[in-house]
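Notes to accompany the following structure.
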Amino acid sequence: MKVGNNAIQINVIAEDGITNKKYELIVHRRNEQEELQYEQEQESGAEKLSAILEEQNNSRNVDDIEQNKNNNIVWGISIIILGTILITGIIYIIKTRKKID
């Protein structure tokens, strides 16, 4: 193909062998300057996409860390409450046994 627009003719014949239709495709072949510009735009777009994805990933990591902190706080408080209940129960049992003895 030559540089620039190239017309390609396509003739399609239906299964009945009678009906046909012609199509014309215009294919543009880039020159060296257009190709270089296209490649630079692709690289720039890829860099932008990479930056966006990295920012989203970092944002998710921060959210995950914050969620883990919150979960750890909840678990910590739960363990403290359960420990307090257990110790209170043990003290109650000990005091009750002393009264029985």
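The values are calculated or read from the model by the stated rules, or taken from the named source; none is laboratory data. In this text, all values refer to a predicted model and were calculated from it rather than measured experimentally. Cβ coordinates were reconstructed from backbone atoms using ideal geometry, including for glycine residues, and neighbour counts include every protein chain displayed. Just the protein is used for accessible areas: all its heavy atoms, side chains included, with ligands, DNA and RNA removed. Shrake-Rupley method; radii C 1.70, N 1.55, O 1.52, S 1.80 Å.
Inspection of segment 28-50 identifies at least one residue that is in contact with a strand residue (DSSP E or B) (Cβ under 7 Å, 6 or more places away or on another chain), open to solvent by 100 Å² or more (accessible area, probe 1.4 Å) and not β-branched (Val, Ile, Thr). Scanning segment 52-69 for residues that are at pLDDT 80 or above and small (Gly, Ala, Ser) turns up nothing. Against the condition among the acidic types (Asp, Glu), open to solvent by 80 Å² or more (accessible area, probe 1.4 Å) and not in a helix (DSSP H, G or I), how does Glu54 come out, does it pass? Criteria not met by Glu54. Name the residue, out of Leu86, Leu49, that is assigned to a helix (DSSP H, G or I) and at pLDDT below 90. After applying the criteria, what remains is Leu49. On the stretch given as segment 1-19, residues that are surrounded by fewer than 10 Cβ atoms within 10 Å (Cβ to Cβ) and assigned to a strand (DSSP E or B) total 5.
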